[in-house]
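What follows is a single structure, written as structure tokens, with notes after it.
The values are calculated or read from the model by the stated rules, or taken from the named source; none is laboratory data. Source: prediction; values computed, not measured. All Cβ positions, even for glycine, are placed from backbone atoms using ideal geometry, and neighbour counts span all protein chains on display. For the accessible areas, the whole protein counts, side chains as well, though only heavy atoms, and no ligand, DNA or RNA atoms are used. Shrake-Rupley method; radii C 1.70, N 1.55, O 1.52, S 1.80 Å.
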Amino acid sequence: MAAARVGRALHASSLSPSTLVVSRVQLHLRPPYPRHLLLPNYHTCRAAPPSRYRPPSRRVRCAMSGATGNPYAAELAAAKKAVALAARLCQAVQKDIVQSGVQSKADKSPVTVADYGSQILVSLVLKMESPVSSTFSLVAEEDSEELRKEGAEEILENITELVNETIADDGSYSIYFSKEGILSAIDDGKSEGGSSGRHWVLDPIDGTKGFLRGEQYAIALALLDEGKVVLGVLACPNLPLGSIGNLNGGSSGDQVGALFSATIGCGAEVESLQGSPPQKISVCSIDNPVNASFFESYEGAHSMHDLTGSIAEVCESYIGNLVFECWQKLGVQAPPVRIDSQAKYGALARGDGAIYLRFPHTGYREKIWDHAAGSIVVTEAGGIVTDASGNDLDFSKGRFLDLDTGIIATNKQLMPSLLKAVQEAIKEKNQAASPL
Ligand code: AMP
Ligand code: MG
């Protein structure tokens, strides 16, 4: 009996050193631990399977991927479970925000609570589901600095309550976090990533502005292995499971909540966030820019809408041979589809639109968690994601992406004309800015 309790305690302490509470018993364990107790027993902390999201069997998933075997199958299952649990917490908070009817949405504290809560839950599930021998490294957007400041007590209290409620409601783990446990769990995400070893990369709520407006957001999680993205999952709680093509953000289906996933060499899939058989997805096969539509940020502060408009614009001399005549400007006729978050990558990957353009204003440095999961979902669906010079995105350099000017994504057929249009529009913009 006592041994069982210590076993549970030690496993929990490896999740959140010295401060986690298991079954509401506060632990104060300090290393070095007795060696025989360092072998976590993953079953001791598990109760029932998750009540909503039920991952399909490994055999089904690999068959759907068209692969003979998925070397990251265990990590993929853990990642899906992690973002699905985090999504439940986020959905509960967003529902409160929307129902509270605060017009200005000036109070940012609910999204802050959800952001931290999501990060803690993802980190928890990844640790619980990881192989015993693996080291855990997480590059995540949030750290605990703000929460440790005076005046943050109420937010910390709210996060702690919400996280514990979500874990209890799910029923997968018999774990209870203390406030100090919450703070140290957040700091699990402080890894710098890099080109060696494995690192999880997380944006706990991508598109916080969309979240506050009651619109699109995503929980985006990827795995880097030796500097390459090898796996990505995107939970998009407000994205219809069916296509949003041609509707400028509207829905063509009833079911809402999409979970995109991709593993290197195994293709990309989408399933419902509640768990349905995964369906293989692919980017659209449009090869004429006139028939293409493009996604961009809802927020003009995140991407230069004037530049993307000029890239996409129909050139005046357009008649006859479109691709030849319009190489400078793409000739896209549909208006931009503006949505928040990496949901854009998911929608592109399943062919809802043909192009994604992102051109942050001068001086902004892109972070790896804003693109790691989305980019692999698109590339595994047959698309291409590059910077404005046509270079692949390099996720091996730490927390930032060093890239030239912007990010573009489309299918293989459209990429050559897109790149030309992008480069021409950037040249024009630069010339206009400094005419001499
Ligand atoms: P999106 O919804 O596609 O515009 O992207 C949302 C993400 O943009 C956020 O999660 C931020 O990490 C990132 N972001 C924040 N500020 C900026 C900025 N000034 N320019 C570009 N991206 C930004
Ligand atoms: Mg983000």
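Here are a few things to note about the model shown:
- Across segment 363-385, the qualifying residues are those that are assigned to a strand (DSSP E or B) and either of a type in the set (D, E, K, R) or more than 16 Å from ligand 1 (Cβ to nearest atom) (or both), and the one among them that is surrounded by the fewest Cβ atoms within 10 Å (Cβ to Cβ) is Lys367.
- Residue, nearest to ligand 1 (Cβ to nearest atom), within segment 386-411, restricted to residues that are outside any loop (DSSP other than H, G, I, E, B) and open to solvent by less than 10 Å² (accessible area, probe 1.4 Å): Ile407
- Pair list, Cβ under 6 Å, 6 or more apart: segment 197-222 residue in the same structural domain as Lys81 (by the TED database) and farther than 15 Å from Gly257 by Cα, other residue basic (Lys, Arg) and away from ligand 2 (no atom under 13 Å from the Cβ): Leu212/Lys105
- Residues of segment 107-123 include at least one that is assigned by the TED database to the domain that holds Glu192 and not in a helix (DSSP H, G or I).
- For segment 277-328, taking the residues that are charged (D, E, K, R) and modelled with pLDDT of 70 or more, the one that is nearest to ligand 2 (Cβ to nearest atom) is identified as Glu299.
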